[in-house]
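FYI, it's all coordinate maths here, none of it is from the lab. Predicted, not measured: the structure shown is a model, and the values here were computed from it. So basically every Cβ, Gly included, is an ideal-geometry build from the backbone, and we count neighbours across all protein chains shown.
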Amino acid sequence: MTHPVAEKITSEYQKRFPLCRERHERLLNYIPGGATRSLSYFKPWPLHISHGRGAYVYTHEGHALLDVTNAYGALIHGHGDPDVSAAVCAGIERGSQYSTPTDGQYKLARLLCERVPGFDRVRFLNSGTEATMFAMRTARAFTGRDKILKMTGGFHGTHDSVAASTKKNVITAGIPGAMTRDILEVPFNDAAALENAVSANAGELAAVIMEPFLGAGGVVLPEEGYLKRVREVTRAHEVLLIFDEIFSFRVDQGGCQNLFGVTPDITTVGKVVGGGLPIGVLGGRADVMNIYCHENTKMPLYHSGTFNGYETVMQAGYAALSKFDAPATAAVNAMGDRLQSGLLDLFADTGLNIQSTQIGSLLNLHFVNEPVTTPEQVLGSEEELHALMHLSLLNKGVFSIPRGLFILSTAITETEIDGLLENIGIVLEELLPLIREKYPHLAAG
């Protein structure tokens, strides 16, 4: 039997977003599941957005929703940023793609190499999935070894080699066993397990690939000294270290590697780097990246793609990153600090023993009753509460990510952060009867 709290929240969503239902049912005739991205779907039917402006998105019903998804991290300046929009329009007017090297590639590549400690050279791709796929291929080609070690709960896109995981709700049907035979996995934040795995497989291990903190895995932060230990172990065994900074890059001008003082051999970035347009970037040490060099390599590693280095994307990315300077980074991170502080106060005020993990402009709320340091704890977060909180926030004018992830943009203000906190507080009070009845372990005292 459905709990009255759940019935009330779901019923309100159904009444508030009827045009979303119409569009969902219409789309089902042409797109299986009614959404071409798995994460876009949720029950009773997914949201359909008409347009966005600044920190807000607007539905076909006319509702304005504060956007704390920001395209899952791709929009650092919110919707329709005038500088990025001008760069895109100017780029398309001049010709969007030439299939040659361009000044736009030079400008964005130079900017990235100047900012990111691990970037001596870079190459452009079209998505984070492509970037991590080629990062692994680069490591294998450079070392002549086949095995790759990843972290449990780490997300590196959807190509076959990394899609199979112990992460909850990830369906890996269709992935041949051979694709993951050379993939090893150890727990995040477990330095001893990593050291043992690297030591035991060093002769066959091309690289360790990892996020500096788990992004899709719940914004689980590295424990003190963990990343430096990973760097020491991989270097000692001559195994390459790949940092996947596609999600984490926004927290510092030079990414997490700059923030934590740990420089990998290969780095992938994306999302904010494209100014809201599709991009992936692969970069690293000059000697590693020169495996692609046509000028001094007899058989350079082959890497091509119709839209690699797409000129309009280069211009959008340069415009977005140019204004995402040190003051802008500090400002949006301060908004994250304000939200985190407010959340912790809310948990105490409502008598809930739940958690929020945060770094910079990224936060993840967890319906877990102990500090979160592992992905296994994230998997234990109560899914029903996440689903209801997501729907209830939509009912109150907040567009968030169903798993409790909040991603901020430079377009958001302190006033909007405070309004967001007020709405989250109302939602938690709304959920309290359900929590006390069904999830008493989350109720303090």
Taking only Cα atoms and a 10 Å spring cutoff, compute GNM fluctuations for the chain and point out the largest among 308, 29, 423. 29
Enumerate the amide H contacts of residue 3 below 5 Å, restricted to partners 5 or more residues apart or on another chain; note that Pro and chain-start residues carry no placed amide H. none
Charge dipole of the chain built from unit charges on the beta carbon (Lys, Arg +1; Asp, Glu -1), centred at mean Cα; most positive-end Cα among 31, 442, 334 is 31
Most mobile of 155, 243, 347 in a GNM of the chain (Cα contacts under 10 Å): 347
Work out which helices of the chain, taken as complete DSSP H runs, extend at least 27 Å along their axis over the Cα atoms and score a mean Kyte-Doolittle of -0.5 or more, then list them. 326-349, 414-438
Taking amide H positions as placed 1.01 Å from N in the peptide plane, with prolines and chain starts having none, which residues 5 or more places from residue 352, or on another chain, fall under 5 Å of its amide H? 444
Too-long pairs where the Cα-Cα distance tops 20 Å, listed order kept, from 8/438; 43/271; 271/323; 107/323; 150/298: 43/271; 150/298
What residue among 390, 303, 366 shows peak mean-square fluctuation when the chain is described by a Gaussian network model with Cα springs under 10 Å? 303
Counting DSSP beta bridges with both ends in the chain, the antiparallel % (nearest 5): 60 percent
Only Lys, Arg, Asp and Glu count, each charged at its Cβ (+1, +1, -1, -1), so figure out the dipole size of segment 82-323 about its Cα centre, rounded to 20 debye. 180 debye
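With only Lys, Arg, Asp and Glu charged, each at its Cβ (+1 for the first two, -1 for the last two), find how big the charge dipole of the chain is about the Cα centre; round to the nearest 20 debye.
Values: 37 positive and 48 negative charges, 218 e Å.
Here the size comes out at about 1040 debye.
Sum -39500 (n - 2.57) across every DSSP H segment of at least 4 residues in the chain, then divide by the residue count to get the 222 nm mean residue ellipticity, nearest 500. Walk me through the intermediate numbers first.
Working: 16 runs with 185 residues, N = 445.
One gets -13000 deg cm²/dmol as the mean residue ellipticity at 222 nm.
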Where the only charges are on Cβ atoms (+1 Lys, Arg; -1 Asp, Glu), what is the dipole of segment 88-159 about its Cα centre, to the nearest 20 debye? 280 debye
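Could you order peptides 38-45, 330-337 by the average number of other Cβ atoms within 10 Å of their residues, highest first? Intermediate results must be reported in sequence, preceding the final value.
On the way: 38-45: 14.0, 330-337: 16.9.
Ranking, from highest mean packing down: 330-337, 38-45.
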Suppose a student asked you for the relative contact order of segment 82-323, using Cα pairs under 8 Å spaced at least 6 residues apart; what percent would you report? 32 percent
Prolate/oblate/rounded label for segment 332-398 (Cα gyration tensor, a/c 1.5): rounded
